[in-house]
Amino acid sequence: MRAQDRLAGFVAEALRAGHSRAEVAGALVAAGWSADEADKALEDWADGPFPMPVPRPRPSVSAREAFVYGLMFTALAVLVIQALSLGFALTDLWLGPEESDPFGFGSWRVRGAVASLVVFAPLFVLLDRRVARAARADRSIGRSAVRDWLSHVALYAAAITLLADLISVLTAVLGGGLTLVFLVKSALVAAAAALVFVYFRRFTRQG
């Protein structure tokens, strides 16, 4: 039996025997468990008038959730990357010097980005609406461990992107190399990262 299973079993038995939460926490700390571990173990059981300890719902993991959320988050990643690629290509075409694209790669990048957006935008919208509808019908979806992990990974990536973007802008300013094209591209990156951060922050609040 795992240590966490033994801990959960002990807490359940102690609460069932009528011991207070403070007494249970004190016994756990005296036995070598940290105060944080004791508090988390007690949080798994709800207070109430029922004579027996009632378990709180815990985050769930399933292969179906991993597939749906993995596909949805991948679709969003492709959308963000291709939207930035499209923005960069249009910025180069409109604001960059004409000699910067002698072979017409900018037009090819635009076509590729648009094709990706046409494929993945409907997929992402469909999955997002499906997940939102399912979450309204079933509260347990808000406790999905897969969604929670992916959301925090996305939040981390968005935060790092914002910081790196800020560093690149400051470096260009200090080096005297800040151009209109660079500034527009940096603004696009910041806007994309901010939108991703706001989107996934909603998931962490729901959970």
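Among the residues examined, residue 14 qualifies as surrounded by 14 or more Cβ atoms within 10 Å (Cβ to Cβ) and in a helix (DSSP H, G or I).
Among the residues of the stretch 32-76, the one identified as under 30 Å from residue 122 (Cα atoms), crowded, with 16+ Cβ neighbours inside 10 Å and of a type in the set (D, E, K, R) is 65.
Conditions (1) surrounded by 17 or more Cβ atoms within 10 Å (Cβ to Cβ); (2) touching a residue at least 24 places away in the same chain (Cβ under 8 Å); (3) part of a helix (DSSP H, G or I), marked per residue:
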residue	(1), (2), (3)
148	yes, yes, yes
156	no, no, yes
160	no, no, yes
170	no, no, yes
182	no, no, yes
188	yes, yes, yes
192	yes, yes, yes
198	no, no, yes
201	no, yes, yes
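Pick out the one residue from 79, 126 that is within 21 Å of residue 194 (Cα to Cα), modelled with pLDDT of 85 or more and part of a helix (DSSP H, G or I).
Numbers: 126 fails: within 21 Å of residue 194 (Cα to Cα).
Just a single option satisfies the conditions, and that option is 79.
The residue list 132, 121 contains one member that is over 27 Å from residue 165 (Cα atoms), at pLDDT 80 or above, among the small types (Gly, Ala, Ser) and part of a helix (DSSP H, G or I), which is 132. Note on the stretch 184-203: residues that are farther than 19 Å from residue 75 by Cα and at pLDDT below 90 total 0. Mind checking whether some residue in the stretch 21-31 is part of a loop (DSSP other than H, G, I, E, B), at pLDDT 80 or above and surrounded by 11 or more Cβ atoms within 10 Å (Cβ to Cβ)? Scanning the stretch 21-31 turns up no residue that is part of a loop (DSSP other than H, G, I, E, B), at pLDDT 80 or above and surrounded by 11 or more Cβ atoms within 10 Å (Cβ to Cβ).
Looking only at the stretch 52-59, decide whether some residue is modelled with pLDDT under 80, closer than 30 Å to residue 19 by Cα and not in a loop (DSSP other than H, G, I, E, B). Show your work before the answer.
Step one: filter the stretch 52-59 for residues modelled with pLDDT under 80, giving 52-59.
Okay, now just the ones that are also closer than 30 Å to residue 19 by Cα, so 52-59.
Next, from what is left, pick out any that are not in a loop (DSSP other than H, G, I, E, B): 54-55.
Among the residues of the stretch 52-59, at least one is modelled with pLDDT under 80, closer than 30 Å to residue 19 by Cα and not in a loop (DSSP other than H, G, I, E, B), which makes the answer yes.
The C-beta contact set for the stretch 24-47 (first residue outside the structural domain of residue 11 (by TED's automatic domain parsing), second residue of a type in the set (Ser, Thr, Tyr) and part of a loop (DSSP other than H, G, I, E, B), distance under 7 angstrom, 6+ apart or interchain) is empty.
Please verify whether the stretch 191-205 includes one or more residues that are closer than 30 Å to residue 56 by Cβ and among the β-branched types (Val, Ile, Thr). Taking every residue of the stretch 191-205 in turn, at least one turns out to be closer than 30 Å to residue 56 by Cβ and among the β-branched types (Val, Ile, Thr). Can you say whether residue 4 is part of a helix (DSSP H, G or I), within 27 Å of the chain's Cα centre (by Cα) and loosely packed, with under 14 Cβ neighbours inside 10 Å, as far as the supplied structure shows? When the stated conditions are applied, residue 4 passes them. When residue 102 is tested against (1) surrounded by fewer than 16 Cβ atoms within 10 Å (Cβ to Cβ); (2) under 18 Å from residue 188 (Cβ atoms); (3) at pLDDT below 85, just one condition goes unmet, and that condition is (2).
The values are calculated or read from the model by the stated rules, or taken from the named source; none is laboratory data. Computed from a predicted model, the values in this text were never measured in an experiment. Don't worry about glycine lacking a Cβ; one is built from the backbone with ideal geometry, like all the others, and counts go over all protein chains shown.
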